[in-house]
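Below: the structure, in structure tokens.
The values are calculated or read from the model by the stated rules, or taken from the named source; none is laboratory data. Computed from a predicted model, the values in this text were never measured in an experiment. No Cβ is skipped: glycine too gets one built from the backbone with ideal geometry, and neighbour counts run over all protein chains shown. Quick note on the areas: whole protein, heavy atoms, side chains included, nothing else; ligands and nucleic acids left out. Shrake-Rupley method; radii C 1.70, N 1.55, O 1.52, S 1.80 Å.
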Amino acid sequence: MQRNLFLILGIATVLTIYNLVTRSPSPPPASEQLRQLQDIIRRRHYTILSLGGPTTLGANLKHKTHSYPYILGSPSKKVSNAALDVATGGSNYPSLCLECMVENKEFDVILLEFSLTGTEGIELLLKRLRYRFPRAIIIYIHLYSLQTDVADMEDVHGWSAPNHDHIDMEHLDSYKWGYGESMSNAVYHEIKRIVDNYGVIMYGFPRSTNVKDVLELFSPDWRYLSQIGHNIVAEGVLSILKDIPADPEKRPIHKHDEPFGSRDECVSWFVSGKVPFKYQKPIKLSSFSASGSGNKEYALEIAGTKPGTMSIVNSLPMPAPLYMFYMAQSEAYPIVEVVAQEKVKIVDPMINADRHVMKSEQVGWVTPGVNEITIKPLTESVLPFRVTGFAFCEACIHLEQHDEEEFWQGDLN
């Protein structure tokens, strides 16, 4: 399992699991109500796991440990923040790699936040969490972004404000909630419909009729939360926790009936650049920058029309669905053919987004031991196809095996 944890650290531009952090800078000032709630909850000595995106990770804050998970748990030294960078594409990654991420730790409180990075795979993640942590308090935190939800009503095109560099602060009255607000509300209700089946509590970040009233809750990029915003999330979550029994024996059991396996294995070289298996030309390891963080990212690239082969190792003792992590964008990358166990899967990395994001998709099944995977570009493209990792997910077998015959595009011939 130590090998898995080492490899998983390469999946995101920043994947940090802070445990027992005690020497971070002084925490930001909190309201009296927040301090009172902190005192109540900290006496319970909860262990807290947070899974989410850059906001949960503390994007744009002075220090990562000033993000809302630590406001809940500090100084109890019981916080594990396994939030991922935006490039990982939301809840799909932890749904496939949960065991690698949490190992054998136990948690009283689990926080989920994927509204801004994508909720694909959220139901599998909830099933796995509930099978592993049937009495845990799970809270889904629904956030929104001013970048997507606010529009300039004086602009005939309904322009959405991307950052403060383009905003006329003297005419903020022209900024209203736009189409993005309706989309965000629709996402909220759809997520609530799903999480209600697993005993998950929803928390919605507050809005105001007037956009000006919530500006201080967001950082200057209008996407991530400011310190004040993080304090508000923490206060809301603490208010929820206050009314839930501290004794886990007094909480309802939300164990999923289906015996979802716990084992998974995830390998990635996105940050480390270290590929743990053999590959052949024309595949090559290259560095690039897609996240905007200034850090180098790494991928195995396949260009041209010739196929490339990788020899990946499934260390699980049974056949398992094979998931491939790859980069996607609106029109940058080629459609490819992936062959595993002499079966073919077509992968199209086109998405409705100008930014580069990491996606995952089942591309076949693998047997225990070494498996040869062949990837061949089928279309011309601006950039080569970029593979950033693989996952073998025993828990996914219970979802995928009934579709195995329908899954394949056809035989190799």
Q | With DNA, RNA and ligands ignored, accessible area of residue 365 (1.4 Å probe; Å², nearest 10) | A | 30
Q: Once you have the Cα-Cα distance between residue 295 and residue 382, take 0.36 nm times their residue separation minus that, and quote the gain in nm to one decimal.
A: 29.1 nm
(Q) Leaving out ligands and nucleic acids, and using a 1.4 Å probe, what accessible area per residue does region 316-372 come to in Å²? (A) 39
(Q) Need one number for region 205-260: average projected area of the convex hull over its C-alpha atoms, nm². (A) 6.9
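Ignoring ligands, DNA and RNA, what percent of the accessible area of region 199-290 is carbon or sulfur (1.4 Å)? Please report the intermediate quantities before stating the final value.
Working: 2320 of 4440 Å².
The C+S portion of the solvent-accessible surface of region 199-290 is 52 percent.
So if I take the alpha carbon set of region 338-393, get Rg, then get Rh from the Kirkwood formula, what is the Rg over Rh ratio? Write down the numbers at each step before the final one.
Details: Rg = 12.7 Å, Rh = 13.1 Å.
My calculation of the ratio gives 0.97.
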Q: Whole Å is fine, so just give me how far the alpha carbon centre of region 331-397 lies from that of region 92-147.
A: 24
Q. Given H placed on each backbone N at 1.01 Å, which residues far from residue 202 in sequence or on other chains put an amide H within less than 5 Å of it?
A. 140
**Q.** Estimated FRET transfer efficiency (residue 335, residue 32; beta-carbon r; R0 45 Å; 0.05)
**A.** 0.20
